[in-house]
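The values are calculated or read from the model by the stated rules, or taken from the named source; none is laboratory data. All values reported here derive from a predicted model rather than from experimental measurement. Cβ atoms come from the backbone with ideal geometry, glycine included; neighbour counts cover every protein chain shown. Quick note on the areas: whole protein, heavy atoms, side chains included, nothing else; ligands and nucleic acids left out. Shrake-Rupley method; radii C 1.70, N 1.55, O 1.52, S 1.80 Å.
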Amino acid sequence: MAKILIIGAGGVGSVVAHKCAQAAKETGVFEWITLASRTLSRCTDVARSVKARVGVDIDTAQVDADNVPELCQLIRQVKPDLVCNLALPYQDLHIMDACLECGVHYLDTANYEPLDTAKFEYKWQWAYADRFREAGLTALLGSGFDPGVTNVFAAWALKHELDEVHVLDIIDCNAGDHGQPFATNFNPEINIREVTAPGRYWERGEWVETDPLAWSMNYDFPDGIGSKKCYLMYHEELESLVRNLTGIRRARFWMTFSDNYLNHLKVLGNVGMTRIDPVRFQGQEIVPIQFLSALLPDPSSLGPLTKGKTCIGDVMRGVKDGREKTVYVYNICDHEACYAEVGSQAISYTTGVPAMIGAKMIAEGKWRRPGVWNMEQFDPDPFMADLNVYGLPWQCVEVK
């Protein structure tokens, strides 16, 4: 049994709180759950929903995740075994510092990103490895879906289906529709920074960079979703997977976008609204992308509006017993079913469920090892089993 402190009460934080409460009720793995955020009213709303849907009481608290002394004060008050960080990527290092100072395990769903540079890179967090190892603490990085489940899919395929993975394509399709002219399914600032960054992929021992969204392909998705246009992007899990997968020669990440989304994004970029540097306006500095984020619909408000499905998975080509083999490991998730269960759409659900499972793996001791780790560095089997239990069933098919 473990005490867990969840920091961040957005869409993903809400899902994690609900799923931790479910796991606590069914298995007793979490004996105490506290949800904290800069905005206490968000935590209160989530706690009320958890009580109504699951019948479990959770505690709430207010905290500024940029303030390490304030984080430490809360951690010492709550006395958790594990901090689940669902705050903004800019705040990862502050929360890791607080966990080290207070002696608690750490988990997040997205790697650190400097506020003034739109750049995914694990080097800042990997640099904490010795400090966590010496403290006897576990830091689990990227326990969402992508990164997260996509890493575990790759590790599972390498353990059970392939002796070597030569080519990896991670393909993320959101075939849902929320009916809004323009909205993002998670934090608008983070989403737009990610999409407008240059593309990047791994090819025969080196990184190759492309213009943003310059490469595309069509992919025929299962379960009636059909053919969708996918765009090559850079995504953080590629950085760890090319280090940890045996035999990898090429690794790419693809995501689907509607023409409507891309047209809006192009216009916003042309007029400077996606800029991340401050500009002077009426005597004060504002960051255009942060102002835009404040104007767009709150992603947590999209739950009751969104219909359709997501399909996220790994296509892996390699060898098994000396012959070439390609497998596709994937999950299908339904937006309306997610909303009916926890009050959130599938984008938040597919990130929040793996965060809870990662926390469960640490709490149960199955993935507890001093140091800083990515998901594929642990045994994938117990995590894959829990995906089936907690709402993200997966399939593995051989691609001929």
Original post:
Using a 1.4 Å probe, what is the accessible area per residue for segment 1-53, in Å²?
Top reply: 40 Å²
Original post:
Sorting S300, S348, S227 by accessible area (1.4 Å probe), largest first, what list results?
Top reply: S227, S300, S348
**OP:** For K229, list the aspartates and glutamates whose Cα falls under 19 Å from its own Cα; do not include residues on the same chain fewer than 8 positions away.
**Re:** D146, D169, D172, D177, E194, D211, D220, D259, D314
**OP:** Please give the per residue accessible area of segment 149-342, computed with a probe of 1.4 Å over protein heavy atoms only, in Å².
**Re:** 45 Å²
**OP:** Give a residue-ordered list of calculated ³J(HN,Hα) values for segment 274-287 (Karplus: 6.51 cos²θ - 1.76 cosθ + 1.60, θ = phi - 60°; whole Hz; x for Gly, Pro).
**Re:** 9, 5, 10, 9, x, 10, 7, 9, 6, x, 9, 8, 10, 9
Subject >> Sequence-distant residues sharing a close amide H with G371 (under 5 Å, placed H) >> reply: R133, L137, T138, A139
Original post:
Amide H to amide H under 5 Å from F257: which residues, 5+ apart in sequence or cross-chain, H placed 1.01 Å off N in plane?
Top reply: Y231
Subject >> Over 30 Å between alpha carbons, listed pairs K123/K307; K19/K159; K228/K360 >> reply: K123/K307; K228/K360
Subject >> Value at 222 nm in deg cm²/dmol, rounded to 500, when DSSP H runs of n ≥ 4 in the chain each add -39,500 (n - 2.57) >> reply: -11000 deg cm²/dmol
Subject >> Whole-Hz couplings from phi, Karplus 6.51/-1.76/1.60, listed for segment 301-312; x for Gly and Pro >> reply: 7, 7, x, x, 9, 8, 10, x, 9, 10, 9, 10
Original post:
Among residues other than D386 whose Cβ falls under 14 Å from its Cβ, what is the net charge (Lys/Arg +1, Asp/Glu -1)?
Top reply: -1
Original post:
Just how far, in whole angstrom, is segment 237-302 from segment 191-231 if you go by their alpha carbon centroids?
Top reply: 14 Å
Original post:
Looking at the chain, what % of its DSSP beta bridges pair antiparallel, to the nearest 5?
Top reply: 60 percent
Original post:
Scaled to the compact-protein estimate 2.2 N^0.38 Å, what is the alpha-carbon radius of gyration of segment 1-44, rounded to two decimal places?
Top reply: 1.11
Subject >> Column: log10 I(q)/I(0), Debye, Cα scatterers of segment 149-342, q = 0.11, 0.16 Å⁻¹ >> reply: -0.59, -1.10
Original post:
If the viscosity is 0.692 mPa s and the temperature 37 °C, what translational diffusion coefficient in µm²/s does Stokes-Einstein give for segment 264-329 when Rh comes from Kirkwood over Cα pairs?
Top reply: 199 µm²/s
Original post:
Counting only protein heavy atoms, what percent of the accessible surface of the chain is carbon or sulfur at a 1.4 Å probe?
Top reply: 48 percent
**OP:** Give me the orientation-averaged projected area of the Cα convex hull of the chain, in nm², one decimal.
**Re:** 19.0 nm²
Subject >> Gap separating the Cα centres of segment 354-382 and segment 1-56, nearest whole Å >> reply: 20 Å
